[in-house]
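One structure is given below, encoded as structure tokens.
The values are calculated or read from the model by the stated rules, or taken from the named source; none is laboratory data. Since this is a predicted model, take the numbers as computed values, not measurements. Because the Cβ atoms are built from the backbone with ideal geometry, glycine has one as well, and the counts that use them run over all protein chains shown. Just the protein is used for accessible areas: all its heavy atoms, side chains included, with ligands, DNA and RNA removed. Shrake-Rupley method; radii C 1.70, N 1.55, O 1.52, S 1.80 Å.
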Amino acid sequence: MTFGDSISTCLKKYFVFKGRASKYEFWFFFLFLVIYFFVIGFLLGMAGVSDEGIDTAIGLLMLPVLCPYIAVIARRLHDFNHSGWMQLVFVPGYFADEFIGTGWIIYTVTVVLFAIYVSQNPTKGKNRFGPAPRK
């Protein structure tokens, strides 16, 4: 799967939380999001927009890509024969950071462990979420 195919697949499967996603589909879409937000932040910074304005713009521009990103994470977790709800592992760290101020450690550790986990080889063959995705 190429970079463009991955973006196209994820955007076509905007609200599709069933099935499985390959490692390439997941990581290429993640790379797309990194580039997307970097370019937006860079352009807004060059335009002289304040930090608060950049935060607001990033928040608004996150809305169109949030659902496909959550969907591709769910499909990637299905590739390991796990529920898509497993992505809620980030919630405690997020709230701990927001309310206590020390949750960034928890959040960072869970993000790193999750990144390592989704980089592994998935369940071979068919599982309860369907056939293995093509590469």
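Points to keep in mind about this one:
- Projected label distance in nm at L88 and Y14, using a 7 Å step from Cα toward the beta-carbon: 2.6
- For the chain, the membrane-span-like helix rule (DSSP H, alpha carbon extent of at least 27 Å along the helix axis, mean Kyte-Doolittle at least 1.6) picks out 23-46; this says nothing about an actual membrane.
- Kirkwood Rh (inverse of mean 1/r, distinct Cα pairs), the chain, angstrom: 16.2
- Reachable aspartates and glutamates, given that their alpha-carbon falls under 12 Å from the alpha-carbon of K18 and they are not under 8 places away in the same chain: D79
- Of interest is the spacing of the C-alpha centroids, which for the range 33-56 and the range 58-115 amounts to 22 Å.
- Under conditions of 10 °C and 1.306 mPa s, the range 1-47 yields 136 µm² s⁻¹ as its translational diffusion coefficient, taking Rh as the Kirkwood radius over Cα pairs in the Stokes-Einstein equation.
- Per-residue [θ]222 nm for the chain (sum of -39500 (n - 2.57) over DSSP H runs n ≥ 4, rounded to 500): -21500 deg cm²/dmol
- Over the C-alpha trace of the range 55-107, radius of gyration and Dmax come out as 13.5, 37 angstrom.
- Carbon + sulfur, % of accessible area of the range 1-110 - ligands and nucleic acids excluded, 1.4 Å: 75
- Each semi-axis of the equivalent ellipsoid for the range 76-135 is √(5λ) with λ an eigenvalue of the Cα gyration tensor; in descending order they amount to 30, 11, 6 Å.
- Among the trypsin sites (Lys or Arg not before Pro) in the range 14-49, those placed in a DSSP loop whose Cβ has at most 14 other Cβ atoms within 10 Å are K18.
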